[in-house]
1. Quick check: pseudo-label points 7 Å beyond the Cα along Cα→Cβ at GLN62 and LEU33, how many nm apart are they?
2. Working with all protein chains in place, sort ASP40, ASP71 by solvent-accessible area computed with a 1.4 Å probe, largest first.
3. Within the chain, what percent of beta bridges assigned by DSSP are antiparallel, to the nearest 5?
4. Rounded to the nearest 20 Debye, what is the dipole magnitude of segment 1-54 about its Cα centre when Lys and Arg each give +1 and Asp and Glu each give -1 at the C-beta?
5. Using the Cα centre of the chain as the reference point, and only Cβ charges (+1 on K/R, -1 on D/E), how large is the resulting charge dipole? Debye, rounded to the nearest 20.
6. Between SER51 and ALA85, what is the label-to-label distance in nm when each label sits 7 Å out along the Cα-to-Cβ direction?
Amino acid sequence: MPIESQTLDHGRTVSVRGALSIWEAADTWRTLLPLLSSPDPLTVDLSEVESCDGAGLQIICQIARAAGSPDAAITLGPPSPAVTAALVRAGLVLELFANSAQET
């Protein structure tokens, strides 16, 4: 699971690419966790995730939970079709991505 981090004027963007599955979950979470704790603005872009299973959904839910914290400046970027399909199959709402949809 390649994760690319880019710092711009408005904060950091982390792009997650490839599979977001049980095989990559531990490494992905180890990479994302310190970034989620940062006070700086962070966008997690999931638009290039090619596949997503239950472990991937757990990571997305943890990111959404961190984004819901009052001190957090975290937004979820647009979901890929694979992420959208996994969320729908799990019966989860796509409102997690509502803020990013309004920005584009």
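The values are calculated or read from the model by the stated rules, or taken from the named source; none is laboratory data. What you are looking at is a predicted structure, and each value in this text was computed from that prediction instead of being measured. Using ideal geometry, Cβ is built from the backbone for each residue, glycine included, and neighbour counts are taken over all protein chains shown. Just so you know, the surface numbers come from the protein's heavy atoms only, side chains and all, with ligands and any DNA or RNA stripped out. Shrake-Rupley method; radii C 1.70, N 1.55, O 1.52, S 1.80 Å.
1. 0.6
2. ASP71, ASP40
3. 35
4. Here the size comes out at about 140 debye.
5. Computed charge dipole of the chain: roughly 220 debye.
6. Here the modelled spin labels are 1.0 nm apart.
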